[in-house]
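The values are calculated or read from the model by the stated rules, or taken from the named source; none is laboratory data. As the structure is a computational prediction, the values presented were derived from the model and not from experiment. Neighbour counts are summed over all protein chains in view; Cβ atoms, including those assigned to glycine, are modelled from backbone coordinates with ideal geometry. These area figures cover heavy atoms from the full protein model, side chains too; ligands, DNA and RNA do not enter into them. Shrake-Rupley method; radii C 1.70, N 1.55, O 1.52, S 1.80 Å.
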Amino acid sequence: MSSKDSKSLPEPPQVSLSLFSHGLDLDATLTSGQAFSWKRTADGRWRGWIDRQPCLVWSQGDALRAVGPDLTRDAVTRYFGLDLPIREIFATFPSDPHLDAARAFAPGLRILRQDPWETLCNFICSSLKQIVQIEQINHELRRVFGDEIGEGLHLFPDPSRLALATEAKLRTCKLGFRARHLFVAARQIASSEVSLDRIATLPTAEAREQLMRIQGVGEKVANCILLFAYARQDVFPIDVWVERVLRQLYFHNSQRVKHERLRTFADSHFGPHRGYAQQFLFHWIRKDPKALPAEKPTAPRIRKKSPTHQATESSDTKS
């Protein structure tokens with residue numbers, strides 16, 4: 001294509017939204033562990049996907065700007081949750097100094113509405129993985145299995161595409177043991193054994209039960225999918241980070257408190273929009289080194305060994 005031809009091409013549509021009443025913080029939102037297909041550009045903007053459309057987004061003054069083919073104002077508004085009554089949501093939070101500190105750390109943090117299938121895959125792959133590793137998996141799944149729609153741009157593969165793959169091929173995407181989970185999950189969705197569309201119509205408890213029928217989906221992963229894809233703000237995912245903040249700040253760092261007690265407390269204490277409270281706490285504890293008091297080191301318990309046991313261990317070590 002000549003330079004003359006390229007100049008004649010129309011500019012991609014640009015969506016500009018006022019953030020005056022929303023205060024969206026793009027950096028906090030897109031680095032808070034809920035989405036894994038966004039990359040920051042050298043000039044501080046963000047390149048990613050909204051409704052399977054590639055786009056570039058950035059903040060400019062009190063406006064959010066988004067550029068991409070076939071993007072609409074409604075799609076961008078919905079994705080970033082700009083249609084929600086955010087002040088009314090925050091007004092339901094309890095009087096809680098810890099939650100207040102988490103909100104003050106990133107007041108513009110917002111919960112996204114993402115594609116359910118991609119969100120399901122991301123969180124099936126999240127087990128024992130750091131955020132950067134989940135991002136790598138998402139990238140590899142796109143590169144290996146997704147349709148190319150432009151130079152370096154690949155759609156996220158749909159369930160039928162992954163259902164026709166092999167577990168060995170999926171392992172090449174840095175999945176490890178999660179390859180089996182994702183392979184079976186893709187078959188379940190592709191065959192309509194579980195319908196992601198139907199889940200959107202169900203009450204939260206039933207929706208969670210349906211999601212937990214899917215291979216690799218337990219309670220925590222199901223709640224993440226409900227929160228980040230279906231906007232169910234009445235769920236409160238508890239992973240190792242959130243369990244840590246609950247134990248240290250609300251239960252005097254007691255290790256005797258069972259998971260069920262933490263769940264009951266979170267569901268009652270943080271109110272009807274507790275999913276938002278969870279995301280503030282999760283982001284805060286991960287990003288702010290001063291979020292939690294330093295834990296006092298405990299001396300290791302040394303158990304005396306019998307002479308026979310000691311001799312055996314010594315022999316094993318030498319061999």
If I model a spin label at Lys290 and Ser268 as a point 7 Å from the Cα along the Cα→Cβ vector, what separation in nanometres do I get? 3.4 nm
Could you state how much accessible area Glu88 has, in square angstrom rounded to the nearest 10, with a 1.4 Å probe and all protein chains kept in place? 130 Å²
Compactness of the stretch 212-277 - radius of gyration and Dmax, Cα, Å: 12.2, 36
Percent of alpha-carbon pairs separated by more than 18 Å within the stretch 155-213: 40 percent
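So how strong a dipole does the chain carry about its Cα centre when Lys and Arg Cβ are +1 and Asp and Glu Cβ are -1, to the nearest 20 debye? Walk me through the intermediate numbers first.
On the way: 45 positive and 36 negative charges, 282 e Å.
So the magnitude is around 1360 debye.
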With a 1.4 Å probe and every protein chain left in place, tell me how much accessible area Ile225 has, in Å² to the nearest 10. 0 Å²
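Please list 118-124, 270-276, 129-135 highest first by mean number of surrounding beta-carbon atoms within 10 Å per residue.
118-124, 270-276, 129-135
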What is the spin-label model distance, in nm, from Ala168 to Leu56 if the labels are put 7 Å beyond Cα along the C-beta direction? 4.2 nm
Given the options Leu24, Leu84, Leu226, state which has the largest fluctuation in a GNM of the chain using a 10 Å cut-off (strictly under) for Cα springs. Leu84
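Taking the Cα centre of the stretch 62-105 as the origin, how large is its charge dipole in debye, to the nearest 20, when only Lys and Arg (+1) and Asp and Glu (-1) carry charge on their Cβ atoms?
On the way: 5 positive and 7 negative charges, 21 e Å.
Computed charge dipole of the stretch 62-105: roughly 100 debye.
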Let's test this: bin the Cα-Cα distances of the chain at 10 Å from zero up to the farthest pair and state each bin's percent. 5, 23, 29, 23, 11, 5, 2, 1, 0
Any chance you could give the angle, 0 to 90 degrees and rounded to 10, that helix 274-287 forms with the longest Cα principal axis of the chain? 70 degrees
Dmax and Rg, reported as Rg then Dmax, of the stretch 129-266 (C-alpha, Å): 17.4, 54
What is the distance, in nm, between label points placed 7 Å from the Cα along the Cα-to-Cβ direction at Glu206 and at Ile131? 3.5 nm
Area accessible to solvent at Ser59, 1.4 Å probe radius, in Å²: 60 Å²
Helix 178-190: angle to the longest alpha-carbon principal axis of the chain, degrees 0 to 90, nearest 10? 50 degrees
Specify the angular offset, from 0 to 90 degrees and rounded to the nearest 10, of the alpha carbon long axis of helix 131-145 from the longest principal axis of the alpha carbons in the chain. 50 degrees
Grab the DSSP H runs of the chain that are 4 residues or longer, score each as -39,500 (n - 2.57), total them, divide by all residues and round the 222 nm result to the nearest 500 deg cm²/dmol. -13000 deg cm²/dmol
Give me the percent of accessible area attributable to carbon and sulfur for the chain, probe 1.4 angstrom. 51 percent
Regression test value, accessible area per residue of the chain, probe 1.4 Å, units Å², expected 54 Å²
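Whenever you get a sec, line up His252, His139, His259, His154 from highest to lowest accessible area (probe 1.4 Å, protein heavy atoms).
Working: His252 175, His139 100, His259 65, His154 35 Å².
Solvent-accessible surface, decreasing: His252, His139, His259, His154.
Can you give the net charge of the other residues whose Cβ lies under 9 Å from the Cβ of His154, counting K and R as +1 and D and E as -1?
Numbers: positive: Arg142, Arg143; negative: Asp147, Glu148.
Result for the local shell: 0.
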Of the listed peptides 109-115, 245-251, what is their order by residue-averaged count of other C-beta atoms within 10 Å, with the highest listed first? 109-115, 245-251
Among the listed pairs Lys39/Lys258; Lys174/Lys258; Lys174/Lys220; Lys258/Lys287, those beyond 30 Å (Cα-Cα): Lys39/Lys258; Lys174/Lys258
Take the Cβ-Cβ distance between Lys39 and Arg256 as r, set R0 to 41 Å, and report the resulting FRET efficiency rounded to the nearest 0.05. 0.45
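Using the scaling law 2.2 N^0.38 Å as the reference, what is the normalised Cα Rg of the stretch 79-147?
Details: Rg = 16.4 Å, N = 69, 2.2 N^0.38 = 11.0 Å.
That works out to 1.50 for the stretch 79-147.
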